[in-house]
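Here's the structure, in structure tokens; my notes come after.
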Amino acid sequence: MIGGARQPREYGPPPVPPSHQGCAIRSVRVQLPAQRGELRDRHEDGHHLHHLVWRLDPSLRVCSSAVLGGGIGPRAWILNAQVPGGYPRLDPDRHLAEIAAAEGLTGPGAGLMTAADVAAYTTGHDGGVTATVTTGLGVRGWAAAPESATHAPHRPGTVNIVVTLPAALSDAALVNAVATATEAKVQALLDAGLDCSGTPTDAVCVAAPEPGPDGGEPFAGPRSAWGARIARAVHTAVLAGARTAR
């Protein structure tokens, strides 16, 4: 793979630069499970890899910590892409944009990356909420680590969580939903018997309808109606993935 300088830009896939225009990315559909995104198969630079794609309804918006298209706003798609271990590129956002372009994805989107086997994704469902998780725990640890541990190189890895729900959430509730999903992830990892809170590069996406004049649900903490469902769905998916990944 070819590295490059990371450039600030809009969230949608940028034009593919000449240095990447011969990049061999072939993609085929493997299956289309409801609310889990499409599991896709691709061959890239001699590697057989997978990625998940959610093609979102225009009425949805996403709150995300994704490397591509993070933040809060309308998103037309979400991409969770597997990359090889020892990932050499320095421009993961551009790489994700290339994969999105190969999929024909247009408009603003959110892209996550992992070295875990995306085909081994796990799901949890609760009261209309669906959590889809890819679990890679090869570089796990605690969030509050000694300063010396923060200087170690971080591989793209990771516990990536994508949550979809049918209820509109306010801005504050969307942020709350990401926090709730993260709390549930940590609970699941501990319940799986692991001594960690996650990996250094975990990411979360929450997709929910755009709020109307009422502003949407104001809360998504673990004891709110929708937050509790998010927590249970995420816990189920992460626990299943952590038990398999151990």
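The values are calculated or read from the model by the stated rules, or taken from the named source; none is laboratory data. None of the values given here were measured: they were computed from a predicted structure. Note that each Cβ is placed from the backbone with ideal geometry, even for glycine, and that neighbours are counted across all protein chains shown. Side chains included, ligands, DNA and RNA excluded: accessible areas come from the protein's heavy atoms. Shrake-Rupley method; radii C 1.70, N 1.55, O 1.52, S 1.80 Å.
Miscellaneous remarks
- Criterion (in contact with a Phe, Trp or Tyr (Cβ under 9 Å, 6 or more places away or on another chain), open to solvent by 50 Å² or more (accessible area, probe 1.4 Å) and at pLDDT 90 or above) met by exactly one of Arg36, Arg55: Arg55
- Residue match in segment 207-214 (condition: part of a helix (DSSP H, G or I), among the hydrophobic types (A, V, I, L, M, F, W, C) and either within 15 Å of Val129 (Cα to Cα) or under 20 Å from the mean Cα position of the chain (by Cα) (or both)): no
- Any hit, segment 116-127, residues being at pLDDT 95 or above, more than 18 Å from the chain's Cα centre (by Cα) and open to solvent by 10 Å² or more (accessible area, probe 1.4 Å): yes
- Residues in segment 61-73 that are over 13 Å from Asn160 (Cβ atoms), buried (at least 20 other Cβ atoms within 10 Å of the Cβ) and out of contact with any Phe, Trp or Tyr (no Cβ under 8 Å at 6 or more places or on another chain): Arg61, Val62, Cys63.
- Residue check, Pro108 open to solvent by 10 Å² or more (accessible area, probe 1.4 Å), touching a Lys or Arg at 6+ places or on another chain (Cβ under 6 Å) and either at negative phi or modelled with pLDDT under 95 (or both): yes
- Residue count, segment 74-92 (criterion: crowded, with 22+ Cβ neighbours inside 10 Å and over 16 Å from Val139 (Cβ atoms)): 6
Residue by residue, here is whether (1) over 19 Å from Ala168 (Cβ atoms); (2) at pLDDT 95 or above; (3) touching a Leu at 6+ places or on another chain (Cβ under 9 Å) holds:
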{"site": "Thr201", "(1), (2), (3)": "yes, no, no"}
{"site": "Pro211", "(1), (2), (3)": "no, yes, yes"}
{"site": "Asp214", "(1), (2), (3)": "no, no, no"}
{"site": "Ala225", "(1), (2), (3)": "no, yes, no"}
{"site": "Arg232", "(1), (2), (3)": "yes, yes, no"}
{"site": "Thr236", "(1), (2), (3)": "yes, yes, no"}
{"site": "Gly241", "(1), (2), (3)": "yes, yes, yes"}
{"site": "Thr244", "(1), (2), (3)": "yes, no, no"}
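- Filtered residue count, segment 57-77, keeping only those that are within 15 Å of Met113 (Cβ to Cβ), assigned to a strand (DSSP E or B) and among the small types (Gly, Ala, Ser): 1
- Trp142 being among the aromatic types (Phe, Trp, Tyr), in contact with a strand residue (DSSP E or B) (Cβ under 9 Å, 6 or more places away or on another chain) and at pLDDT 95 or above: no
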